[in-house]
Amino acid sequence: LAIEEYNANPKNKANPVGFILIDDGGIVIGALERAKIAIAEGVLGVIGHVNSGISIEASKKYMQAKIPQISPASTHPKYTERPEFRGYVFRTIGTDRQIGEAAADLVLGNGKYKKIAVLFNDRPYGVSVSSEFIRRLAHHKEKEIVFYETIPVRTHDHSITAKKVAKTGADLVFFVGEYNDAGYLVKNLKKELPNAQFLSAEGAHNQSFIDIAGPAPEGAMILGAPLPSKAVVEKYKKRFKKNISGYVATSYNATKIMLEAMQANNFEDTEAIARSVASNPVFDLNGDLLDPSFTLYKVSKGVFTVVK
């Protein structure tokens, strides 16, 4: 959408921008091979990847080629906290530390939630966010972590895990992982623990989470990225025939930032483009947002609605 808007502007007619859409498959080895393709094609910048572990590894390839990378979704602190990568890696979303702490603050602010179960995938994202969440709650005796366990990624049946959680009598289940796992998990949890509040992080903020789980996610809460402006929301719905969710806003913002940097350098010299991205006032020295924020969404009648 950001690129289409750019190309539709008559002022940019002389320098239309194209893009290469590459699916990394969610696997590091595959992503590294596809990163080579992007580099060979002479890209001026990269928007991606989604998973932190992949962004961390792929950034080594882009760094060697002096190509700036802005991830709209990779939240692990390590991605931007490597000094040698400074000036080439950026993100338009908060970090695992910030997400975990924000989720914990939601729990701390509600006296109903006394017994908390924590489930997470075994990727860097799941381990990191869940650890920050628990660290934040550790000093509050009125909150008890009654369950803490990884779940297998891309599994359709979590009934055994759901039964274990049910035995703890948890008031709230906090899950860190992607939307597909969240969908199948919440279906099983709803059967075994129907009154527990389900809370997840931005990885589950995708309409597919609701589509997979059917009516089970009703009332589920997701701590995700903020919505873009009302105008962008309407443009997106008109262009793609669906509601905004997930990393739409962060991807749109990342692309606008990259386009601005490319334009400022006449669409050449990736090192200069990287310097322009780094000088954008939204970023700190590491490439993290100076002022990250999150929005709480609730599933109501099959769609995400904004709580705050």
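The values are calculated or read from the model by the stated rules, or taken from the named source; none is laboratory data. From a predicted model like this one, the values you see are computed outputs, not experimental measurements. Note that we place each Cβ from the backbone using ideal geometry, even for glycine, and neighbour counts take in every protein chain shown. The accessibility values were calculated without ligands, DNA or RNA, using every heavy atom of the protein model including side chains. Shrake-Rupley method; radii C 1.70, N 1.55, O 1.52, S 1.80 Å.
Values computed for the structure shown
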| item | result |
| --- | --- |
| Debye log10 I(q)/I(0) for the chain, one point scatterer per Cα, at q = 0.15 Å⁻¹ | -1.18 |
| Cross-link pairs K190/K237; K191/K298; K190/K242 - those with Cα-Cα distance over 29 Å | K190/K237 |
| Among beta bridges that DSSP assigns inside the chain, antiparallel share in %, nearest 5 | 25 percent |
| Under Karplus coefficients 6.51, -1.76 and 1.60, residue-wise ³J(HN,Hα) of region 17-29 in Hz, glycine/proline x | 10, x, 9, 10, 8, 10, 8, 7, x, x, 10, 4, 4 |
| Karplus-derived HN-Hα couplings along region 177-183 (A = 6.51, B = -1.76, C = 1.60, θ = phi - 60°), whole Hz, x at Gly and Pro | x, 8, 4, 5, 5, 4, x |
| Environment charge of T295, counting only residues whose C-beta is closer than 10 Å and scoring Lys/Arg +1, Asp/Glu -1 | 0 |
| Under 13 Å, Cβ to Cβ, from S130 - net charge with Lys/Arg +1 and Asp/Glu -1 | -1 |
| Whichever aspartates and glutamates have a C-alpha closer than 12 Å to that of K187, once near sequence neighbours (fewer than 8 apart) are set aside | D157, D211, E218 |
| Equivalent ellipsoid semi-axes, region 9-164, via Cα gyration tensor eigenvalues times 5, rooted, Å | 37, 18, 15 |
| Given K235/K301; K230/K301; K115/K256; K78/K256; K141/K167; K164/K241, the pairs whose alpha carbons are separated by over 32 Å | K115/K256; K164/K241 |
| 5 angstrom amide H check on T295, placed H, neighbours 5+ away | G224, A225 |
| Cα-projected label distance for V307 with R239, points at 7 Å along beta-carbon direction, nm | 3.0 nm |
| Accessible area in square angstrom per residue, region 1-159, 1.4 angstrom probe | 48 Å² |
| Simple label model, 7 Å out from Cα along Cβ direction - K78 to D284, nm | 2.0 nm |
| Euclidean distance of C-alpha centroids, region 270-308 and region 141-172, integer Å | 30 Å |
| Residues A272 and E218, FRET efficiency given R0 of 51 Å [Cβ-Cβ distance, rounded to 0.05] | 0.50 |
| Derived scalar couplings ³J(HN,Hα) [region 194-211; Karplus, 6.51 cos²θ - 1.76 cosθ + 1.60; whole Hz; x for Gly, Pro] | x, 9, 6, 7, 9, 10, 9, 9, 5, x, 9, 7, 8, 4, 5, 4, 6, 4 |
| Label-point gap, in nm, between D211 and E33 - each point 7 angstrom along Cα→Cβ | 2.7 nm |
| Solvent-accessible surface ranking, highest first, for L290, L32, L137 at 1.4 angstrom | L290, L32, L137 |
| Interchain or long-range residues, amide H under 5 Å from F283's placed H | L290 |
| Under 5 Å, built H, 5+ apart or other chain: amide partners of A201 | F175, G177, L223 |
| Nearest-10 value in Å² for the accessible area of R123, using the 1.4 Å probe | 50 Å² |
